[in-house]
Amino acid sequence: FKIILLLCCPLFSSLSVDLVASKFDKPIYVITFPSDNKLLLVIEQDGIIRLIKDGEKIKKPFIDISKRVHKPLFPGDERGLLGFAFDPDYINNGYFYVNYINKEDYTVISRFSTSDNIADNLSEVEIMKFKQPYSNHNGGCMEFSPDGYLYISIGDGGSTGDPEKRAQNLENLFGTIIRIKINDDGSYSIPKDNPFINHENAKQEIWSY
């Protein structure tokens, strides 16, 4: 796989492409470092995050958690490393977050620490973990918004057509976007203005479904 940037000029409504780097294995996401916009991270689905600096791919990965991540086994297998987000205060605390399916088919949301922009593989703190029923529709994208909360997309759990109707059931997290507050110790709490905070039969993490 190659990483290509699409460039658009609004005045002439034209598109062009610029090859940034190549020879990646199932790349799913590219992001710049908060402290250096010339330093790119490429997230690969099998659990490795690569570094690109000044257009060159660095041999040593930013992090390799492939031994913990479920490697996709066939074209429709959507498991693996699926999401990444820098902490809003990354420049000061060095934290980043990942969303992956582990080898036991659990979604794992974790926090890692870095030193000099290289991750510490042994620093993982699990924030959230839940079992996935199928090998597809796992979701994965997550982002911090300006309010400082972490938003995580969770798929309907898989198969075809959501056969168990999980996405319509507020008693589980499938088929939702959740919104949580990350605490200093790596645990999480529920923002007080989440829409289902006072509903007994709904997961309070849910922001939208």
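The values are calculated or read from the model by the stated rules, or taken from the named source; none is laboratory data. Predicted model only: the values in this text are computed from it and were never measured. When we count neighbours, we look across all protein chains shown, and the Cβ atoms used for this are built from the backbone with ideal geometry, even at glycine. These area figures cover heavy atoms from the full protein model, side chains too; ligands, DNA and RNA do not enter into them. Shrake-Rupley method; radii C 1.70, N 1.55, O 1.52, S 1.80 Å.
Sorted by accessible area (1.4 Å probe), largest first, how do His70, His199 line up?
Most to least solvent-accessible, the answer reads His199, His70.
Mean residue ellipticity at 222 nm from the helices of the chain, using -39,500 (n - 2.57) per DSSP H segment of n ≥ 4 over the full residue count, to the nearest 500 deg cm²/dmol?
My calculation for the chain gives -500 deg cm²/dmol from helical runs alone.
In terms of the ratio Rg/(2.2 N^0.38 Å) built on C-alpha atoms, what value belongs to the stretch 2-126? List each step's numbers first, then the result.
Working: Rg = 15.6 Å, N = 125, 2.2 N^0.38 = 13.8 Å.
That ratio works out to 1.13.
Round to a whole angstrom and tell me the spacing of the C-alpha centers of the stretch 87-146 and the stretch 162-208.
Cα centres, the stretch 87-146 to the stretch 162-208: 17 Å.
Starting from the 7 Å offset along Cα-to-Cβ, what nm value, one decimal, do you get for the label separation of Ser159 and Lys23?
4.3 nm
Which sequence of Val125, Val108 reflects their accessible areas, 1.4 Å probe, from the largest down?
Descending order: Val125, Val108.
At 1.4 Å probe size, with no ligands or nucleic acids counted, give the accessible surface of Asp184 in Å², nearest ten.
140 Å²
For Arg179, what accessible surface area do you get with a 1.4 Å probe? Give it in Å², rounded to 10.
Its accessible surface works out to 10 Å², give or take rounding.
Suppose each label sits 7 Å from its Cα in the direction of the beta carbon; what would the Ser16-Leu170 distance come out to in nanometres?
Label-label distance for Ser16 and Leu170, simple model: 5.2 nm.
Answer rounded, prolate or oblate for the stretch 86-209, using the Cα gyration tensor with square roots of eigenvalues a ≥ b ≥ c: rounded when a/c is under 1.5, else prolate when a/b is larger than b/c, else oblate.
oblate
For Glu205, Glu200, what's the largest-to-smallest order of accessible area, 1.4 Å probe?
Sorted by accessible area, descending: Glu200, Glu205.
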